[in-house]
Amino acid sequence: MIVAGIQPKAEMVHWWFATGFLVLGLLLLSEAVVGEEVWGRRPWRRYLWPGFAFGMGVLMFPVMTFFTSSTIHMVAHGSWAQTMMLAGAAELGVARGKLHSPYWRLCSALALAVSGVALLVHEQNHWLFSRAAFLHHLLGWSVVAAALFPLARAFRPRSSTAALGFAATFVLIAVVLYCDRDVAPIFGHLDFYAGVPHR
Amino acid sequence: MSADIAHTIRRTRDRHEAAARSLALRARIVLALGPATAAGGVAWALLQPWRLTILHPAGQGFWWLLAEPPLYVVLVGLIFRRLLAPGLVADLHAAEEPEP
């Protein structure tokens, strides 16, 4: 109860993660623009986005712990934490040269697919229930579809379309998460059971 | 000068010009990413000023004063432009220069 009293609202956590995804999106976008060779000319840069993704996965664990409104929420947050860490770790291994196969990039595809499914499964209200429900459905389907980009990157590492699509996915995730509010209408709809909007 | 040599020189020059144009475009995109992001944050702040609690901080708690999403976007854009973009553009130019 004490923790519940001092912890931030769920929407704020969404905005903080949105900022993390925006950073990831910018890093991947600039890597896609300059190309992998130029990006890798400074060794520290190779570890930047995989390390950031891994760190965000670690930070999902406190979210899983403190924002457990239901079992399905805990499972969803836990699966995001684990798959983000897996994707980040696999990309770190590839960047370091410890992992050689480009198929390790399939971990990113797995992370997006699992994240998308978890988003869809843990949102049990319909699309127009509230803004949060709408955004969860939108994000879930978008992320499931976007899993094709890292899948394409694993098989065609030099594809700029796949790289740009992968980067754009994170920018989209950021925009959607920034739009999230705990209780707010969507296109003028707000279900009676959604609650009363605060500031 | 033989016509073959003249055509080869012209083709080589065209290739170099195309590569230089592509390089300049990529450098411009990288340099624009940060300011474009920051501009997005500023536009958001202007469109939804109520998302910035620092504009009317009275009665706001710690978390509400910390949560300023449009400022986060501006900050990300500025940090990217300041810390990452210059090095990327320098490396982009260095990669195009012939090895000694």
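Within 10 Å of the Cβ of each residue in A:21-34, the mean number of Cβ atoms contributed by other protein chains is 5. Taking chain A as a Gaussian network of alpha-carbon nodes connected by springs under 10 Å, the highest mean-square fluctuation of the residues A:L24, A:L86, A:L59 belongs to A:L59. Close amide H contacts of A:I186 (hydrogens built in the peptide plane, cut-off under 5 Å, sequence separation of 5 or more or a different chain): A:R131. So between B:W63 and B:V42, what do we pick up on full extension, going 0.36 nm a residue minus the alpha carbon distance? Taking 0.36 nm per residue and subtracting the Cα distance, the gain is 5.4 nm.
Model label points for A:E37 and A:R158, set 7 angstrom from Cα along the Cα-to-Cβ axis, are 0.9 nm apart. For chain B, the longest principal axis of the Cα atoms and the long axis of helix B:85-96 meet at an angle of about 10 degrees.
Computed 3J(HN,Hα) for the range B:22-29, one whole-Hz value per residue from the Karplus formula 6.51 cos²θ - 1.76 cosθ + 1.60 where θ = phi - 60°, is 4, 4, 4, 5, 5, 4, 5, 5, glycine and proline marked x. Using alpha carbons only, how many degrees (0 to 90, rounded to 10) separate the axis of helix A:48-66 from the longest principal axis of chain A? So the helix axis and the longest Cα principal axis differ by about 30 degrees.
Highest GNM mean-square fluctuation among A:F187, A:F66, A:F149, for chain A modelled with Cα contacts below 10 Å: A:F187. Spin-label model, B:D4 to B:L83: label points 7 Å out along the Cα-to-beta-carbon direction sit 5.7 nm apart. Computed from label points 7 Å out along Cα-Cβ, the spacing between B:A19 and A:T68 is 5.9 nm.
I need the Kirkwood Rh of chain B: take the reciprocal of the average 1/r across all distinct C-alpha pairs and report it in angstrom.
It is 17.1 Å.
Cα convex hull, the range A:70-110: 45 Å³ per residue, rounded to a whole number.
Averaged over its residues, how many other protein chain Cβ atoms are within 10 Å of peptide A:130-140's Cβ atoms?
Across A:130-140, the average partner-chain Cβ count within 10 Å equals 0.
Applying the Kirkwood pairwise sum to the alpha-carbon positions of chain A produces a hydrodynamic radius of 17.5 angstrom. Residue by residue along B:61-70, Cβ atoms of other protein chains within 10 Å of the local Cβ number 4 on average. Distance from the C-alpha centroid of the range A:129-175 to that of the range A:8-84: 13 Å, rounded to the whole angstrom.
Can you tell me the 0 to 90 degree angle between the C-alpha axis of helix A:10-34 and the longest principal axis of chain A, rounded to 10? That helix lies at roughly 20 degrees to the long axis. Dipole magnitude for the range B:3-96: computed about the Cα centre from +1 point charges on Lys and Arg Cβ and -1 point charges on Asp and Glu Cβ, it is near 200 debye. Build a GNM of chain B with springs between Cα atoms under 10 Å apart, and of B:A90, B:A24, B:A36 the one that fluctuates most is B:A90.
We did not get these values from a lab; they are worked out from the coordinates using the rules stated. Since this is a predicted model, take the numbers as computed values, not measurements. Note: ideal-geometry Cβ built from the backbone for every residue, glycine included; neighbour counts use all protein chains shown.
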